[in-house]
Amino acid sequence: MRKKLIAANWKMYKTPAEAREFMQAFLPLIDGHDRDEIVICPPYIDIASVIDSARGTNIKVGAQNVFWEKDSGAFTGEVNPSMLLGAGCEYVIVGHSERRQYFGETDDTVNRRTEVALEAGLGVIACVGEVLEEREAGITEDVLRRQCARAFRGISARKAAKLVVAYEPVWAIGTGKTATPEIAANAHSVIRGEAEKSFGREFAQQLKILYGGSVKPDNANALMSQPEIDGALVGGASLKPDSFAQIVKW
Ligand code: PEP
């Protein structure tokens with residue numbers, strides 16, 4: 001059995017004070033909950049306050065991006081994997097569709113970020129997913145295969161031990177439209193097949209594949225009950241302590 005992982009992606013929301021307030025309200029709501037792994041990915045600026053508030057709990061913290069240069073250097077505005085580890089992060093999201101859409105992220109830069117972050121010892125939540133036009137054109141599976149093959153390229157199964165993949169159909173992100181559990185389960189099996197090609201069968205069987213795209217308290221149970229869905233990456237509904245707690249407790 002793969003333990004489910006429920007991750008919050010706060011995107012560009014919350015000041016450090018607001019992050020602390022969230023944690024004060026959230027922690028009592030999930031006290032003692034250890035069925036699922038819980039990860040919060042706040043903006044860089046809030047990482048210290050979330051880590052500080054989460055001390056002594058089983059909540060882990062992740063960043064929303066990382067640079068592919070592992071050594072310090074003249075790269076204004078960037079943050080490398082050692083900095084995230086030094087701050088106490090255990091995870092990082094890579095290749096989110098908003099980064100692909102607005103910031104020029106490509107399959108190749110996703111690969112570079114994934115490789116250095118894994119090598120440094122971070123858990124990587126690598127995001128893949130088709131846009132609406134691709135789904136309507138019937139090429140979803142090709143897109144997922146391409147995104148996965150390129151993201152995994154040149155990475156060994158040993159190095160990829162802490163890899164997690166998030167299937168996030170872009171048409172479902174922030175739109176209120178959710179993939180049916182069947183659509184998600186089908187995409188997940190395509191991703192698992194691609195992981196098997198890159199890393200072998202044993203690795204693919206234990207790989208966690210999350211679903212993301214308008215996960216809410218009222219649909220979390222149907223999605224999380226699918227054996228192929230190993231957890232959720234939650235945007236909008238992770239911003240409020242009570243709704244995120246309800247999702248965690250699906
Ligand atoms: C996301 O940002 O990864 C996401 C899935 O957003 P939302 O839950 O708001 O659709």
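The values are calculated or read from the model by the stated rules, or taken from the named source; none is laboratory data. Model, not experiment: these values are computed from the prediction. Please note: Cβ atoms are built from the backbone with ideal geometry, for glycine as well, and neighbour counts cover all protein chains shown. All accessible areas refer to the heavy atoms of the entire protein, side chains included, with ligands and DNA or RNA removed. Shrake-Rupley method; radii C 1.70, N 1.55, O 1.52, S 1.80 Å.
See the values below:
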{"item": "Residue in the range 236-246 that is among the aromatic types (Phe, Trp, Tyr), open to solvent by 20 Å² or more (accessible area, probe 1.4 Å) and in a helix (DSSP H, G or I) present", "result": "no"}
{"item": "Count - residues of the range 73-83 that are surrounded by fewer than 24 Cβ atoms within 10 Å (Cβ to Cβ) and closer than 13 Å to Val116 by Cα", "result": "4"}
{"item": "Options Ala126, Ala161, Ala117, Ala137; residue that is crowded, with 19+ Cβ neighbours inside 10 Å and away from the ligand (no atom under 16 Å from the Cβ)", "result": "Ala117"}
{"item": "Given (1) among the aromatic types (Phe, Trp, Tyr); (2) open to solvent by less than 20 Å² (accessible area, probe 1.4 Å); (3) touching an Asp or Glu at 6+ places or on another chain (Cβ under 9 Å), index of the condition Tyr167 fails", "result": "(3)"}
{"item": "Among residues of the range 174-229, those that are within 13 Å of the ligand (Cβ to nearest atom), touching a strand residue (DSSP E or B) at 6+ places or on another chain (Cβ under 7 Å) and open to solvent by 20 Å² or more (accessible area, probe 1.4 Å), counted", "result": "0"}
{"item": "Only listed residue being free of Cβ contacts under 8 Å to residues at least 24 places away in the same chain and not hydrophobic (A, V, I, L, M, F, W, C), chosen from Thr106, Thr114", "result": "Thr106"}
{"item": "In the range 1-43, the residues that are of a type outside the set (D, E, K, R), surrounded by fewer than 20 Cβ atoms within 10 Å (Cβ to Cβ) and touching a Leu at 6+ places or on another chain (Cβ under 9 Å)", "result": "Tyr13"}
{"item": "Listing of strands (runs of 3 or more DSSP E) fully contained in the range 1-108 that carry 1 or more residues being more than 26 Å from Ala149 (Cα to Cα)", "result": "37-41, 59-63"}
